[in-house]
Amino acid sequence: MPQIPIENLDKDSVLAWLLENDEAELNRLWQKADGVRHQCVGNDVWLRGLIEVSNNCARSCAYCGISAVAPRSKIYLMDKTEIMASAKKAQEYGYGTVVLQAGEDPNITGPWMADIVRCIKREIGLAITLSLGERSDEELKMWREAGADRYLLRFETSDEKLYRQIHPDLGGPSNRIAQLERMRGMGYEIGTGIMIGLPGQTWESLANDIWLFRKYGIDMVGVGPFLESPGTPLAGELGKKLRASAGNNQVPSDDLTALKVIALTRLLCPDTNIPATTALATIDPTGGRTHGLQRGANVVMPNVTPTEYRNLYQTYPGKAGTHESADVSRHKIESQILSLGRTIGQGPGTSLKYLQQH
Ligand code: SAH
């Protein structure tokens with residue numbers, strides 16, 4: 001059988017690589033992705049300190065353990081003092097960026113978050129990524145003007161029908177791709193991504209997802225396996241129905257597929273920042289993160305959320321690092337990076353693609 005092309009990939013070759021399971025062939029993919037990573041974004045691994053600001057969410061996404069429909073024992077919203085203390089910790093640890101992530105919490109208002117962004121910029125000076133879900137243009141502009149550098153919003157799947165089944169409208173229609181485009185216009189560095197193995201996700205739609213990362217010239221691409229969250233619609237009847245509809249074409253939510261997606265994303269988007277995600281470290285606690293870093297990834301997002309809140313921010317169960325302190329996560333991650341012969345990036349780690357365009 002002829003080998004699958006590895007240069008100038010077209011969509012058919014992306015699909016062929018996704019379906020490839022021969023170890024020797026896959027080694028070709030891993031080596032190429034690692035080589036392109038080294039050549040295009042270098043040896044540095046960028047660390048972004050993740051602060052899970054609130055687990056309150058008004059939207060009922062069918063997969064998410066902090067959605068409005070998921071069972072939760074306690075709702076929290078960190079206050080400004082707590083957020084500033086976590087950001088300070090990220091700075092002390094040498095991380096160049098903080099990521100403020102939350103559900104679509106109505107208590108996170110435009111002015112409230114703008115004030116926090118300004119304080120972090122003024123008092124700590126780190127790069128700021130926001131990941132607060134679908135938000136109005138008014139809020140997004142306010143936060144950008146306050147100093148937010150980046151916004152992370154995964155489009156989750158490019159299959160429009162599946163997208164609509166798992167993302168209910170709230171106010172206006174749910175449209176993450178449209179928000180990504182508008183945020184680019186506002187000058188944000190934009191990050192997106194998908195879940196791998198969503199019920200109903202087919203191999204063709206997964207190939208299309210990867211294709212779109214390139215088409216939209218995304219600055220950061222985060223991908224990870226879908227992990228079933230108890231009490232959510234995808235853990236129940238809806239999940240069963242969607243899986244049945246994909247039949248033999250259903251993508252598995254496993255580490256191998258996630259690693260293929262990381263490697264292919266690196267080949268199609270050579271200068272993009274790609275994290276080895278927590279979901280990957282959750283599905284494979286011993287090797288997930290290092291394998292990701294060896295197959296195309298160049299970013300890790302260590303958690304700096306106060307320990308008391310971490311087990312309340314359960315987008316999926318068993319999330320890696322839930323029961324360890326920020327300090328323990330930091331040491332673990334740093335030693336994993338150094339053991340691979342990689343270096344820890346100093347500074348904000350802005351995407352090279354973004355820097356070339358601005
Ligand atoms: N409200 C924000 C942050 C959500 S959590 C937003 O919507 O962007 C960040 C990411 O976690 C989501 O984009 C989704 O891709 C991922 N996630 C949520 N539930 C998950 C699950 N059950 N399994 C794996 N990843 C999940």
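For this structure, a couple of remarks:
- Pairwise FRET efficiency - H323 versus E237, Cβ, R0 = 51 Å, nearest 0.05: 0.95
- Normalised by residue number, the volume inside the convex hull of the Cα atoms of region 11-349 is 119 Å³ per residue.
- Region 1-70: GluC sites (Glu not before Pro) in DSSP loop, at most 13 other beta carbons within 10 Å: E7
- In straight-distance terms, cross-link reach from K260 covers every one of the lysines whose alpha-carbon lies under 26 Å from its own, apart from those fewer than eight places away in the same chain; here that gives K11, K32, K161, K215, K240, K319, K332, K353.
- Extending 7 Å from Cα along the Cβ direction at K80 and again at E181 yields two label points whose distance is 3.7 nm.
- Extent along principal axes [Cα atoms of region 229-301; Å; largest to smallest]: 39, 24, 18
- One Cα centroid belongs to region 124-143, the other to region 1-46; the line between them spans 34 Å.
- Antiparallel DSSP beta bridges within the chain, percent to nearest 5: 10 percent
- Carbon + sulfur, % of accessible area of the chain - ligands and nucleic acids excluded, 1.4 Å: 51 percent
- Global geometry of region 1-128, whether rounded, prolate or oblate, following the gyration tensor of its Cα atoms and the 1.5 cut on a/c: oblate
- Spacing of the two label points (7 Å from each Cα toward its C-beta) at L19 and H38, in nm: 3.2 nm
- Cα gyration tensor category, rounded, prolate or oblate, for region 170-292 with a/c compared to 1.5: oblate
- Each Cα pair under 8 Å and six or more residues apart adds its sequence gap; the mean of these over the residue count of the chain is a relative contact order of 24 percent.
- Neighbourhood net charge (12 Å Cβ-Cβ; Lys/Arg +1, Asp/Glu -1) for M183: 0
- Per residue, the chain exposes 40 Å² of accessible surface when a 1.4 Å probe is rolled over the protein heavy atoms with every protein chain present.
- Take each peptide in 80-87, 190-197, count the other Cβ atoms within 10 Å of every residue, and average; sorted highest first, the result is 190-197, 80-87.
The values are calculated or read from the model by the stated rules, or taken from the named source; none is laboratory data. Only a predicted model underlies this, so the values are computations on that prediction, with no experimental measurement involved. Glycine also receives a Cβ, built like all others from the backbone with ideal geometry; neighbour counts cover every protein chain displayed. Ligands, DNA and RNA are excluded from the accessible area calculation, which covers all protein heavy atoms including side chains. Shrake-Rupley method; radii C 1.70, N 1.55, O 1.52, S 1.80 Å.
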